[in-house]
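A short worksheet on the structure shown next.
Every number here is computed from the coordinates shown, using simple stated rules; none is lab data. Here the structure is a predicted model, which is why all the values come from computation and not from measurement. Cβ: placed from backbone, ideal geometry, glycine included. Neighbour counts: every protein chain shown.
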Ligand code: NDP
């Protein structure tokens, strides 16, 4: 089985590992990027998920190359951390627009082809922070918690059409995003992880490919933590 897979933000970090994992199992994989181009061996489409027309154009391009998107991973995301009192409206809405509304735009556009095909796998990349909260991350946590509501509503709407919608909630994974944290914050986080280490991008990818597999056909509306135990199942 070689499916048409699209991973947003699949040009680097967790998204790239997800894209590579699908490619390794023989799927036709496309990734979005915002100008960096696609990594070697992957089909790239330029797309900023905050712009609905770009999302639409990216899907049209992928459909022409690989056929209708059967598996979509809404992975693109940003942080813009600061304490509540200092957080501007712009900082709040910018993060929501990229992480939550962006994922909505992507899932909505994907559902069109999936409904026609009566098959689809939608996976949202949330975060343990969405479920536990994070000091200085009101915007980010809200966006990541919102994905759970989005996924569960889609699961209800489209479940009978053989379309699943699930959430993967990673803990702390070494990427550019977490590299940006101050060293003392990194040590603080590590001390709270039962596994005693950061996760790898491959460990997140394994959960995503599982949720998109036939073996997971009866799993929908689920939140799967991949966090070394820091969230204790939440
Ligand atoms: P990175 O910062 O390494 O990569 C972020 C990716 O998202 C890049 O590909 C970036 O594209 C893309 N992106 C950001 N904004 C947009 C946008 N508006 N439109 C399209 N693409 C966009 O992050 P990670 O790989 O660490 O994170 C991937 C996902 O996993 C995120 O949703 C993040 O919140 C989540 N996550 C990460 C954790 C971690 O510990 N790293 C923990 C929990 C969740 P570009 O290259 O163009 O900037």
Legend entry - Expected 222 nm ellipticity per residue - DSSP helices of 4 or more, -39500 (n - 2.57), all of the chain, to 500: -13000 deg cm²/dmol
Inset, instruction - For the chain, find the longest principal axis of its Cα atoms and tell me its angle to the long axis of helix 201-211, 0 to 90°, nearest 10. - result: 50 degrees
Legend entry - Exposure proxy ranking, count of Cβ atoms within 10 Å, fewest first, for 234, 66: 234, 66
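Based on the mean of other beta carbon atoms within 10 Å per residue, what is the order of 189-200, 48-59, 4-15, 143-154, most packed first?
Details: 189-200: 14.3, 48-59: 18.2, 4-15: 25.7, 143-154: 20.6.
Highest to lowest by the protection proxy: 4-15, 143-154, 48-59, 189-200.
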Legend entry - Relative contact order (%) - criterion: Cα under 8 Å, at least six apart; region: the chain: 19 percent
Inset, instruction - Sticking with the crude label model, points 7 Å out along Cα→Cβ, report the distance from residue 63 to residue 222 in nm, one decimal please. - result: 3.0 nm
Inset, instruction - Go ahead and set up a Gaussian network model of the chain, Cα springs under 10 Å, then flag whichever of 172, 43, 210 fluctuates most. - result: 210
Inset, instruction - Using only Cα atoms, tell me the angle between helix 13-24 and the longest principal axis of the chain; keep it within 0 to 90° and round to the nearest 10. - result: 30 degrees
Legend entry - Acute angle (nearest 10 degrees) that the helix 102-117 long axis makes with the longest principal axis of the chain, alpha-carbon atoms: 30 degrees
Legend entry - Within a Gaussian network of the chain (alpha carbon springs, distance under 10 Å), most fluctuating of 187, 25, 137: 187
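Classify the range 1-97 as rounded, prolate or oblate from the Cα gyration tensor: take a ≥ b ≥ c as the square roots of its eigenvalues, call it rounded if a/c is under 1.5, otherwise prolate when a/b beats b/c and oblate if not.
Values: a/c = 2.69, a/b = 1.96, b/c = 1.37.
Prolate shape, in that a/c is at least 1.5 and a/b is the bigger ratio.
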Inset, instruction - Mind sorting 163, 18, 122 by how few other Cβ atoms lie within 10 Å of their own Cβ, fewest first? - result: 163, 122, 18
Inset, instruction - Give the order of 164, 79 when sorted by the count of other beta carbons within 10 angstrom, beginning with the fewest. - result: 79, 164
